[in-house]
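Down below is the structure, laid out as structure tokens.
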Amino acid sequence: MIIVMKAQATEEQIQHVKEMIREMGLIDHPIKGSELTVVAAIGDDRKKDSNALEQAPGVDRVVPILAPYKMASLETQPERTLVRISDECVIGGKHIPVIAGPCSVESEAQILESAHAVRAAGAHALRGGAFKPRTNPYCFQGHGEDGLKMLAAAREATGLAIVTEVLTPSEVDVVSKYADCLQVGTRNSQNFKLLEACGKQPRPVLLKRGMAMTIDELLQAAEYILSMGNPNVILCERGIRTFENHTRNTLSLSAVPELHQRTHLPILIDPSHGTGHARLVGDMARAAVAANCDALAIEMHPDPEHAWTDGAQSVTPAALTEMMGTLKRVAEAVDRSV
Ligand code: PEP
Ligand code: MN
């Protein structure tokens, strides 16, 4: 970190800051400019508390230079992480897998029909919520473990791996028993006990960005999972809250190149929650591929008009099939494949 002294800081105050840095086990390196002095603290300061330095007399501000996320950082691991959900769904390499399916598992027939449509469209894994995080307590909350059994039946019938959400630490084991990849939703992205529990189980984790979360906070949330021993984390941008109300959220596509410059973890884009409108999903999916995302998650329902949840943003099987064709062409242009 760098400690920037105030212009009027005295020699004693600078000396005191240097002593504090040494007491922290770091090396102090003052740089005197014509207007002010900065003191660089050299060494791994990620576990050091800079609060006392910030409060020290004569200090203007403390600027971190090492990322607060150690394991997620590109500084620590320059090679890209490959997350393997199944043989056909490996995320982080040249191939960009598409995970598609309904928002919620409604019935065995609905999830089977969806899974066959996902397979026929040429997508690579099946999504569907059995435990649903609902804003309103009176809305459908998901079928719970019965829903997981329906997903397992769909996997059996089609060979597609399943990605499904887990809501609470106490349900991690049951979801991990059925799923090939656990999803942590936007509303739970800073539920640190849930992140830790996901870090202690063996399945990959799809971590969605909180709707009001900064990129640094997303990376620190991923760090909770990584630091518990699970290296298989996929980051998901699914739109953030802004003043804009034509779309359900604002899909921050610049998060893709920005994250790629900070972390080795793969980045998935969810244009369905990112826009809230089926009519916008195809264009944003193509834009995400052009921006070099590593995977896509698309909500698709056999009958969107009658979907129990998120029908407005769910594409039809025909639209998904058409989209897959155009995604392949965009991917080729950026030296990737779908
Ligand atoms: C979902 O994937 O259906 C979901 C609830 O997503 P999010 O957490 O991004 O709202
Ligand atoms: Mn949904």
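The values are calculated or read from the model by the stated rules, or taken from the named source; none is laboratory data. Here the structure is a predicted model, which means the values were calculated and not measured. Here the Cβ is made from the backbone with ideal geometry for all residues, glycine too, and neighbour counts use every protein chain on show. Accessible surface areas use protein heavy atoms only, side chains included; no ligands, DNA or RNA. Shrake-Rupley method; radii C 1.70, N 1.55, O 1.52, S 1.80 Å.
Test residue 326 against the criterion of being away from ligand 2 (no atom under 16 Å from the Cβ), farther than 22 Å from residue 190 by Cβ and assigned by TED's automatic domain parsing to the domain that holds residue 207, and give yes or no.
Values: away from ligand 2 (no atom under 16 Å from the Cβ): yes; farther than 22 Å from residue 190 by Cβ: yes; assigned by TED's automatic domain parsing to the domain that holds residue 207: yes.
In short, yes.
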Out of contact with any helix residue (DSSP H, G or I) (no Cβ under 7 Å at 6 or more places or on another chain), without any contact (Cβ under 8 Å) to a residue 60 or more places away in the chain and hydrophobic (A, V, I, L, M, F, W, C), is that true of residue 31? yes
Inside segment 179-200, the number of residues satisfying the requirement of being buried (at least 19 other Cβ atoms within 10 Å of the Cβ), farther than 20 Å from residue 263 by Cβ and either more than 16 Å from ligand 1 (Cβ to nearest atom) or at pLDDT below 95 (or both) is 1
Within segment 152-166, track down each residue that is open to solvent by 40 Å² or more (accessible area, probe 1.4 Å) and either of a type in the set (A, V, I, L, M) or touching a His at 6+ places or on another chain (Cβ under 9 Å) (or both). 157
Filtering segment 121-134 down to residues that are over 14 Å from residue 315 (Cβ atoms) and among the hydrophobic types (A, V, I, L, M, F, W, C) yields 125, 126, 130, 131
Which of the helices (runs of 4 or more DSSP H) found entirely inside segment 228-338 contain at least 3 residues meeting this: surrounded by fewer than 22 Cβ atoms within 10 Å (Cβ to Cβ)? 255-260, 278-290, 317-333
Can you report the number of residues in segment 41-51 which are surrounded by fewer than 17 Cβ atoms within 10 Å (Cβ to Cβ) and either assigned to a strand (DSSP E or B) or without any contact (Cβ under 8 Å) to a residue 24 or more places away in the chain (or both)? 6
From the list 71, 5, 1, pick out the single residue that is farther than 26 Å from residue 266 by Cα and modelled with pLDDT of 90 or more. 5
Looking only at segment 246-286, filter to residues that are within 16 Å of ligand 1 (Cβ to nearest atom) and of a type in the set (D, E, K, R); which one of those is farthest from residue 184 (Cα to Cα)? 248
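Scanning segment 172-188 for residues that are in contact with a strand residue (DSSP E or B) (Cβ under 6 Å, 6 or more places away or on another chain) and not hydrophobic (A, V, I, L, M, F, W, C), which turns out farthest from residue 126 (Cα to Cα)? First the steps, then the outcome.
First, the residues of segment 172-188 that are in contact with a strand residue (DSSP E or B) (Cβ under 6 Å, 6 or more places away or on another chain): 175, 179-186.
Still in the list and also not hydrophobic (A, V, I, L, M, F, W, C): 180, 183, 185-186.
Values: 180: 10, 183: 12, 185: 16, 186: 19 Å.
Ranking the qualifying residues of segment 172-188, first place goes to 186.
Quick check on my filter: what residues within segment 1-33 are assigned to a loop (DSSP other than H, G, I, E, B) and under 14 Å from residue 44 (Cα atoms)?
Kept after step one, since they are assigned to a loop (DSSP other than H, G, I, E, B), are these residues of segment 1-33: 1, 6-10, 24-26, 33.
1, 24, 25, 26 - these are the residues of segment 1-33 that are assigned to a loop (DSSP other than H, G, I, E, B) and under 14 Å from residue 44 (Cα atoms).
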Given the conditions (1) at pLDDT 95 or above; (2) in contact with a Lys or Arg (Cβ under 7 Å, 6 or more places away or on another chain); (3) surrounded by 15 or more Cβ atoms within 10 Å (Cβ to Cβ), report the number of the one that residue 24 does not fulfil. (1)
